[in-house]
1. Out of the residues in region 131-152 that are free of Cβ contacts under 8 Å to residues at least 24 places away in the same chain and outside any loop (DSSP other than H, G, I, E, B), which is nearest to residue 99 (Cα to Cα)?
2. Pull up region 79-105, narrow it to residues that are loosely packed, with under 14 Cβ neighbours inside 10 Å and free of Cβ contacts under 8 Å to residues at least 40 places away in the same chain, then point me to the one that is nearest to the chain's Cα centre (by Cα).
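What follows is calculated from the coordinates using simple rules that are stated; it is not laboratory data. Keep in mind it's a predicted model, so treat the numbers as computed, not measured. Note: ideal-geometry Cβ built from the backbone for every residue, glycine included; neighbour counts use all protein chains shown.
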């Protein structure tokens with residue numbers, strides 16, 4: 001009977017009210033699903049702040065920070081001759097060299113900042129060599145770790 005009613009009303013070009021409502025409901029449900037999917041994908045695509053890569057300047061400052069502490073501890077070693085200052089200076093030198101080496105590998109040699117980073121990495125390597133030489137001359141044992149990229 002319903003089928004006959006449907007056929008009789010569709011011949012006239014009109015749908016029964018319940019069928020119009022079902023059709024509207026289905027379309028609105030599809031639109032709602034589509035917008036929900038867009039919102040979910042949009043929220044997933046934005047990275048978390050702590051996972052974003054650091055800028056060139058902040059990475060350079062991080063290496064400078066370690067190099068500065070290394071120099072500070074080395075000066076303290078010269079004044080007090082306490083071996084812990086040499087170990088701290090060595091640790092900070094290695095961290096500085098690794099920071100500069102990482103930044104150097106991420107920077108193109110076509111820009112001038114590459115050579116700034118290379119010079120600072122080389123300066124860190126020289127400081128580390130001097131630290132190791134001082135320790136050896138005064139009978140102290142350091143880790144002797146030479147980061148990749150430091151050649152003496």
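1. 133
2. To start, the set of residues in region 79-105 that are loosely packed, with under 14 Cβ neighbours inside 10 Å comprises 79-82, 84, 105.
Checking the rest, the ones that are also free of Cβ contacts under 8 Å to residues at least 40 places away in the same chain come to 79-80, 82, 84, 105.
Working: 79: 38, 80: 39, 82: 37, 84: 32, 105: 15 Å.
So the residue we want is 105.
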